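Below is one structure, written out as structure tokens, with a few remarks after it.
Laboratory data are not the source of any read-out in this text; all were calculated from the coordinates shown. Note that the structure is a prediction, hence the values are computed from the model and not measured. Cβ coordinates were reconstructed from backbone atoms using ideal geometry, including for glycine residues, and neighbour counts include every protein chain displayed.
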Amino acid sequence: MVSKLRIAVLYDRVLVDDDEEPASGDKAPVVRTLDKKEVEEEVAEALAKLGHEPVMYELDGTQKSLLGLARVDGDLVFNLAESFADDDTSDFKIAAFLELLGKKYTGSGSHGLILAQDKAVAKKIFAFHGIHTPTFAKCYRGRLDFSHDLQFPVIVKPAREDGSIGIEFSAVVSSIRELMERMDWLHANFDSPVLIEEYIEGREMYVGVLGNDKPEALPIIELDLSKLPEGTPRIAAAEVKWGKGTRAYRDTKSAVATDLTDDLMQLLQQTAIAAYQALELRDYGRVDMRLQPDGRVQVIEVNPNPWLASRAEFAMAARKSGRTYTQLVAEIVDLALARA
Ligand SMILES: Nc1ncnc2c1ncn2[C@@H]1O[C@H](COP(=O)(O)OP(=O)(O)O)[C@@H](O)[C@H]1O
Ligand SMILES: [Mg+2]
């Protein structure tokens with residue numbers, strides 16, 4: 001047990017622009033409705049229980065908050081920041097800033113964050129390591145970066161978003177016309193290259209990975225998509241994650257997967273560790289996979305610093321592995337402190 005440390009709990013807040021009209025209507029993307037407030041509080045509470053002194057630090061999107069971070073005094077930064085000024089592709093820049101400041105922080109480095117964020121780059125790395133991932137194409141405003149010979153149905157998604165933003169149910173398309181329309185819609189709403197992936201039928205499995213030298217795969221969590229309204233594709237769409245009050249939101253639940261054979265569990269866990277290591281993640285991560293009816297596993301994406309709320313999948317899996325929430329937070333702190 002380390003002695004009492006001063007630990008800055010770093011989290012982000014979105015600047016609200018009062019002049020901006022919220023997008024509305026059928027064609028508007030489903031937006032994220034953040035209730036992340038409790039995450040940093042839960043972590044701070046756990047740190048206090050461990051005998052540390054947590055200091056809350058909010059990145060509110062202003063330059064002032066960034067400059068203030070340079071002056072925060074402490075032994076460690078517990079990095080829960082995912083975005084800056086409403087830009088959720090900024091996580092790697094925040095980590096890089098901490099690196100320049102010479103501050104020790106939890107979770108993946110700027111390097112791992114950028115590899116995982118760029119899904120096309122991540123998929124190219126998976127291919128090198130023999131990790132299965134759906135075949136794909138990437139293009140940006142009519143310019144093609146790369147394409148496999150794809151078969152419909154495909155799923156169309158922004159190459160650099162997170163939290164299913166830009167992935168509504170209508171992201172799964174079965175014809176050229178739907179594909180063109182969806183690409184056009186994405187380019188109109190997101191300034192991001194578009195990823196077109198072959199749609200993988202199967203169960204949605206999440207495996208948490210904890211550790212560095214010998215990463216451990218946690219018990220498998222399944223997001224049960226079987227109760228989605230008829231006619232909607234079985235995906236963790238934006239409606240599922242953020243559509244509070246809808247059936248899609250209400251009827252999809254994550255739980256520890258209990259019916260898997262040992263072989264399948266091993267395959268999912270080994271694949272998760274391989275993907276985590278391939279993208280050079282640190283401390284903790286969550287690998288999202290699809291388990292196909294024939295038993296094959298495809299990696300959909302890897303999440304460094306996954307959402308750490310005690311009710312979210314990562315903590316759920318840690319609990320199943322026998323760790324309390326406080327023990328999980330302690331382990332992440334120890335992993336970060338062990339870095340030179
Ligand atoms: N190739 C695919 N085949 C089947 N479902 C997919 C595929 N890609 C994404 N999905 C579905 O969409 C969800 C969100 O996609 P993902 O790439 O993880 O985006 P995000 O980074 O926004 O979470 C996945 O959890 C999965 O349910
Ligand atoms: Mg995902």
Residue pairs, from the table K103/K320; K157/K241; K4/K103; K4/K104; K93/K214; K103/K124, whose Cα atoms sit over 23 Å apart: K103/K320; K93/K214; K103/K124
Expressed in angstrom, Rg and Dmax over the Cα atoms of the stretch 105-249 are 16.2, 48
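Note the full-extension length gain between R177 and R143 as 0.36 nm times their separation in residues minus their Cα-Cα distance, in nm to one decimal.
10.4 nm
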Taking Cα atoms, how many degrees apart are the long axis of helix 176-189 and the longest axis of the chain, rounded to 10 and kept between 0 and 90? 30 degrees
Compute the acute angle (0 to 90°) between the alpha-carbon long axis of helix 262-278 and the principal axis of greatest extent of the alpha-carbon atoms of the chain; round to the nearest 10°. 70 degrees
R311 to S226: extension gain in nm, 0.36 nm per residue of separation minus the Cα-Cα distance? 28.5 nm
Can you give the helix-only mean residue ellipticity at 222 nm for the chain, where every DSSP H stretch with n ≥ 4 adds -39500 (n - 2.57) and the sum goes over all residues, rounded to the nearest 500 deg cm²/dmol? -9500 deg cm²/dmol
Test of understanding: what is the full-extension gain from D86 to N189, defined as 0.36 nm times their sequence separation minus their Cα-Cα distance? 35.6 nm
Net charge dipole size for the chain [Lys, Arg +1 and Asp, Glu -1 on Cβ; Debye, nearest 20]: 600 debye
Here the FRET efficiency for L66 versus S321, based on Cβ atoms and R0 = 45 Å and rounded to 0.05, is 0.80
For the stretch 283-340 and the stretch 204-261, what is the separation of their Cα centres, given in Å? 13 Å
Rg to Rh for the chain: what is it, with Cα atoms only and Rh by Kirkwood? 0.95
So for the stretch 174-293, averaging the separation of alpha carbon pairs under 8 Å that are six or more residues apart and normalising by length, what relative contact order in percent results? 34 percent
Once the Cα atoms of the stretch 201-323 are picked out, what are the Rg and Dmax in Å? 14.2, 45
Rounded to two decimals, what ratio of Rg to Rh does the stretch 126-167 give with C-alpha atoms and a Kirkwood Rh? 0.97
